[in-house]
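Have a look at the structure below before the remarks.
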Amino acid sequence: MTPLLLLLLATPEAEQGLRMLDAGRCNEAIVLLEKAIERAPRDPRHHYILGRCRLVAGDASGARTSLARAVELDASSAEHHLWLARAATMEGRRGNPMMWLLLVRTISSSLERAVELAPDDLDARLDLVRYLTRAPRVLGGDVARARREAEEIHKRSRGLGLFASGYIDYREKLADSAERRWLEAIRVAPDLKEPYYWLGYLYQERRRYDEAFALHERLLARDSAEAEACYEIGRTAVYSSRNLDRGIECLAIYIRGRKRYDGPTAAEAHYFLGEALIRQGKTREAKRELERALLLDVDLARAKAAMKRLAETP
C-alpha cells in the first residue's frame, strides 16, 4: 500500500501517525497509535504504522510484534509483509546468532509473500535479492534464484536491475563486474542512490579513496539531505587519513541529522568522529566522542578498542 493510498484510507489517528513518521516524530506517533489501538485493536493500519515507527525508534523487536499483528489482521497487504521482513531482519542483525536463526523463516516467507502479492514492488524484490544472496543455502540462500529476481527487476527498472546484479556480483567476490554494473546504473539512473553507496564501499575496500570521496560528494551535491553520504565522507577520511577537516564536518552533520532505520547509528558516527580526531592529534576531543559512542552502544567493540589505544598512548 502506497503512502498516498494509506492516507486516503486512514483513520484520523493513522493519518496523523503517518505524517509524524514522515516528519521523524516517531516517539509522539508511538504514543498516539498505542492509544488508537486501545480504542480500535483490530485496525491493521494502526499496527502497521506503529511498527514502522518502532523500527525507526530502534525497537526492532517491538516493530516485529506490531507488524506481525498487522499481517494477521490484513494478510493481503504486500507492505505489511515487506516491513515485517525488514523488522525481523533488523532484530536478527542486532541480536545474537541464535535470534537470527529463529527469525529466518519469518524473513524469507514474508519477502516471498510480498513479491507474490505485488510483483512490481521493486523494494520487495530487491530485499529478496539481498536475502537470497546473503543467506546460507541451508537457510534458503540461492544465488541462481537471486539472479532471476535481478532479471525481473531489470525488466521493470534498468538502473535498479543493474544495481541488483552488481550486488550479487559483489557478494560473489566478482568485484570488477560489480563495479562495471554500478557505474552503468549511475549512468542510466543518476537519481538512484544505491549504486553510489555500494560503489563507494568498493572504492574504500580497494583504497581508491579519491574516487570514494568524489562519488559521495557527487551524491551529496545531488541531494543535500542525503545524510548518509556525509557519513561515508567521514568514514573515507578516517580510512585514508586525508581530508580530515571535511570528514569531521560531515560526521557532525550526520550526527545531527535524521537517520534511516537501517543506516549507520549515531554511535558509529561518534566512533568515526573520534578516530578522525585521533588522527589530528586531538586526543581529549577524541576521547569525548568515543565515550559518547559507548554511551549510545556499550557493545561497540571498535569504540572500546579505540579507547584502549588512547589509554595506552603515552
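Worth a mention:
- Residue pairs, from the table Lys173/Lys304; Lys173/Lys308; Lys155/Lys193; Lys193/Lys282, whose Cα atoms sit over 23 Å apart: Lys173/Lys304; Lys173/Lys308; Lys193/Lys282
- Kirkwood Rh in Å, taken over all unlike Cα pairs in region 215-314: 13.5 Å
- Whole-number Å³ per residue for the convex hull built on Cα positions in region 111-154: 54 Å³
- Here region 54-146 is treated as a sphere whose radius is the Kirkwood value from Cα pairs; by Stokes-Einstein at 25 °C and 0.890 mPa s it diffuses with a coefficient of 187 µm²/s.
- Debye intensity ratio in log₁₀ form over the Cα atoms of the chain, taken at each q of 0.06, 0.09 Å⁻¹: -0.23, -0.52
- Extent along the principal axes, Cα only, for region 110-241: 45, 29, 24 Å, with the longest axis given first.
- Gyration tensor (alpha-carbon) shape descriptor, region 245-301, a/c threshold 1.5: oblate
- Taking 1.567 mPa s as the viscosity and 4 °C as the temperature, the Stokes-Einstein diffusion coefficient of region 13-68 based on its alpha-carbon Kirkwood radius rounds to 123 µm²/s.
- Kirkwood hydrodynamic radius over Cα pairs of region 20-179, then Stokes diffusion coefficient at 10 °C and 1.306 mPa s, in µm²/s: 97 µm²/s
- Computed log₁₀ I(q)/I(0) - Debye formula, equal Cα scatterers, no solvent, region 131-209, q 0.15, 0.21, 0.26 Å⁻¹: -0.50, -0.91, -1.19
Quick note: the coordinates plus some simple rules give every number you see, no bench work behind them. No experiment lies behind these values; they were computed from the predicted model shown.
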